[in-house]
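Please read the structure below before turning to the comments.
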Amino acid sequence: MIKLLIVGAGISGLALARRLTNTNVKVTIIERDTNFPIGGAGICLPPNAVIQMKRFGLYDRLLKASHHVNYLDYAKSNGTPIASASLLEAPLNKAEFVVVRRQALLELLQYNMSQTVCFGSQVTKMANSEAGVFVHVNHSSRPEFFDLVVAADGTQSTTRQLAIKNSKARALGVTNWRFVVEHVEQEINPIQLLGDDHAFMIYPLSATTSYCYAQIADPFNQWRHLPPVPTLHTLFSHYCEPVKKMLRAINDTTRVFAGSLETVNLSNTFELRTVLIGDALHGCPPNLLQGAAMGLEDANLLADLITRFPVDDALQMYNEERLPRVRWVMDEAIRQNEILMKSKSWPGRLIRNTLLRQNGPAEVAAWRKLLLDTQDLPEQTP
Ligand SMILES: Cc1cc2nc3c(=O)[nH]c(=O)nc-3n(C[C@H](O)[C@H](O)[C@H](O)COP(=O)(O)OP(=O)(O)OC[C@H]3O[C@@H](n4cnc5c(N)ncnc54)[C@H](O)[C@@H]3O)c2cc1C
């Protein structure tokens, strides 16, 4: 029996714990927060993420809990269309593109799962070796031995930094805001509205609810620590409808989450007996909407490998299969984010808009490539 510790009960950690239920792996999962994190707004799940959800036996439940859309539009901040894409064509039609509340996705991943999470727990010290890992957790005076530790603790992963020197996340100089608003009924296609070095994205969660994501280039953290709601009004009130409508819909109960974009730069997916999944491995800008998708792919692959092969072989195989795909997504997401954020000058905007008109929405082009490389996977019962 393999003894495995998962650090972090976010989307990736829960997904892995779920896949390892009733296997030859004894899982402990710890979470720094004292309960499931309530933070977060919406999560976009492109077709490759929905394919992964089938592996968890959660496909039907996901479709019930989420909003399914078939088109994506890009426009200038004044509403002039730039590009659009239909998701009804192959290979994009391998599965749906859905938008779901983050909270609902976390609940889905826990559906019918017997594994309990140890809340309020975090790793304080680790001795990582070829044989396994001695782990000190904050509320325990003695270290515990695990055959394998999985860092699923997000972009700023402490576990990664304890296992790998100089692996701190790097700031990209972009401030972002996420929130969900209720509005009067209006069917909205997902749309990205592009300003100079700022952008506002709307993804419908239902006919009357939308997940909004806004960002601005902010190399000196000029906007990051200002009160979010007035800042959103200052930066985006000159945008056309439907952004104005979303801003008007913000009320006292709307939770607006502000953050900074960060990325990690790793040459391996594991170090000795500590392996990385999710944002701990590939935190990057959300331009390709691949954050959750990549975490779900990591979890499914790692679960398949460690239940079938000796741990060291499984880690090598995980590295060989995962690293090229993860690297490609990160490089492409960073490149697309740079194109968006270098549009303060008119030549920058001209390049950005020409690329979009020629190639269509960048995330859709990326999904096509990722889907062509995705195997059809057997569905499981929940
Ligand atoms: C609070 C929150 C809100 C988010 N909101 C959105 C959103 O609205 N839209 C969107 O697209 N993406 C959002 N994201 C990011 C998105 O969830 C991830 O990009 C993606 O789903 C990958 O998930 P992950 O599980 O790898 O990492 P994360 O979602 O970051 O989960 C990591 C988990 O590890 C826990 N953790 C961190 N450090 C430690 C530690 N030292 N010890 C133990 N546990 C630790 C965290 O509390 C968290 O539960 C959010 C992330 C977080 C943490």
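Taking one quarter of the surface of the convex hull spanned by the alpha-carbon atoms of the stretch 116-254 gives a direction-averaged projected area of 12.4 nm². What the Cβ-Cβ distance of LEU63 and SER141 gives, at R0 = 45 Å and to the nearest 0.05, is a FRET efficiency of 0.45.
Taking 0.36 nm per residue of separation and subtracting the current Cα-Cα distance, fully stretching the chain between GLN156 and MET1 would add 52.8 nm.
Ranking GLY57, HIS67, ILE82 by Cα position along the charge dipole of the stretch 50-99, where only Lys, Arg, Asp and Glu carry charges on their C-beta atoms, puts GLY57 farthest toward the positive end. Hey, with R₀ at 30 Å, roughly what FRET efficiency would SER206 and ALA90 work out to, going by the Cβ-Cβ distance, to 0.05? Using R0 = 30 Å, I get an efficiency of 0.60. Relative to the longest principal axis of the Cα atoms of the chain, the long axis of helix 291-306 makes an angle of roughly 20 degrees. Both numbers refer to the Cα atoms of the stretch 236-343; Rg and Dmax are 18.5, 58 Å. Given +1 at the Cβ of Lys and Arg, -1 at the Cβ of Asp and Glu and no other charges, the dipole of the chain around its Cα centre is 540 debye to the nearest 20.
If you take the charge dipole of the stretch 264-382 about its Cα centre, with +1 on Lys and Arg Cβ and -1 on Asp and Glu Cβ, which of LEU350, PRO324, GLY360 is farthest toward its positive end? Result: LEU350, furthest along the dipole toward the positive end. Given +1 at the Cβ of Lys and Arg, -1 at the Cβ of Asp and Glu and no other charges, the dipole of the stretch 304-355 around its Cα centre is 620 debye to the nearest 20.
Taking neighbour Cβ counts within 10 Å as the exposure measure, how do SER141, SER210, SER77 sort from fewest upward?
Values: SER141 6, SER210 28, SER77 17.
By the 10 Å Cβ count, ascending: SER141, SER77, SER210.
Tell me the net charge near VAL180. Cut-off is 10 Å between Cβ atoms, VAL180 excluded, with +1 for each Lys or Arg and -1 for each Asp or Glu.
Working: positive: ARG101, ARG102, ARG178, ARG255; negative: GLU182.
The answer is +3.
Summing charges over all other residues whose Cβ lies under 15 Å from the Cβ of PRO242, with Lys and Arg as +1 and Asp and Glu as -1, gives -1. Annotation: the residues TRP367, TRP328, TRP346, sorted from fewest to most other C-beta atoms within 10 Å of their own C-beta, follow the order TRP346, TRP328, TRP367. Within the stretch 10-109, all pairs of alpha-carbon atoms sorted by distance into 10 Å bins from zero give the percentages 13, 37, 30, 15, 5, 1. Subtracting the Cα-Cα distance of LYS165 and CYS240 from their residue separation scaled by 0.36 nm leaves 22.3 nm. Remark: relative contact order (the stretch 114-174) = 22 percent; criterion is Cα-Cα distance under 8 angstrom and separation of 6 or more residues. Dividing the convex hull volume of the alpha carbon atoms of the stretch 285-326 by its residue count gives 58 Å³ per residue. Our helix-only sum for the chain, with -39,500 (n - 2.57) per DSSP H run of n ≥ 4 divided by its residues, gives a mean residue ellipticity at 222 nm of -10500 deg cm²/dmol. Using R0 = 25 Å, the C-beta based FRET efficiency linking GLU182 and HIS225 works out to 0.35.
Expressed per residue, the C-alpha convex hull volume of the stretch 83-142 stands at 254 Å³. Here the Karplus curve 6.51 cos²θ - 1.76 cosθ + 1.60, taken at θ = phi - 60°, turns the phi angles of the stretch 152-164 into couplings of 10, 9, x, 4, 8, 2, 6, 4, 4, 6, 6, 8, 10 Hz, with x standing for Gly and Pro.
Ordering ALA303, GLN336, ALA314 by Cα displacement along the dipole of the stretch 298-382 toward the positive end leaves GLN336 in first place; charges were set at the Cβ atoms of Lys, Arg (+1) and Asp, Glu (-1). Per the Debye calculation on the chain with a single equal scatterer at every Cα and no solvent contribution, log₁₀ I(q)/I(0) for q = 0.08 Å⁻¹ amounts to -0.40.
Extension gain TRP328-THR254, at 0.36 nm per residue separation less the Cα-Cα distance, in nm? Working shown, then result.
Values: separation 74, 0.36 × 74 = 26.64 nm, distance 3.54 nm.
Gain in length upon complete extension: 23.1 nm.
Charges were assigned to the Cβ only: +1 to each Lys and Arg, -1 to each Asp and Glu. The resulting dipole of the stretch 60-104 about its Cα centre is roughly 260 debye.
Restricting the GluC sites (Glu not before Pro) of the stretch 142-212 to loop positions (DSSP other than H, G, I, E, B) with no more than 16 neighbouring Cβ atoms within 10 Å leaves GLU185, GLU187.
Looking at the chain, which longest stretch skips every one of the trypsin sites (Lys or Arg not before Pro) that is in a DSSP loop with at most 13 other Cβ atoms within 10 Å, leaving the sites themselves out?
Working: sites that count: LYS165, ARG255, ARG308, LYS344.
Between exposed loop sites, the widest span is 1-164.
When GLU338, GLU89 are arranged by Cβ crowding within 10 Å, least crowded first, meaning fewest neighbours, the order is GLU89, GLU338.
Throughout, read-outs are computed from the coordinates displayed, never taken from laboratory work. Remember, it's a predicted structure, so these values are computed and weren't measured experimentally. Using ideal geometry, Cβ is built from the backbone for each residue, glycine included, and neighbour counts are taken over all protein chains shown.
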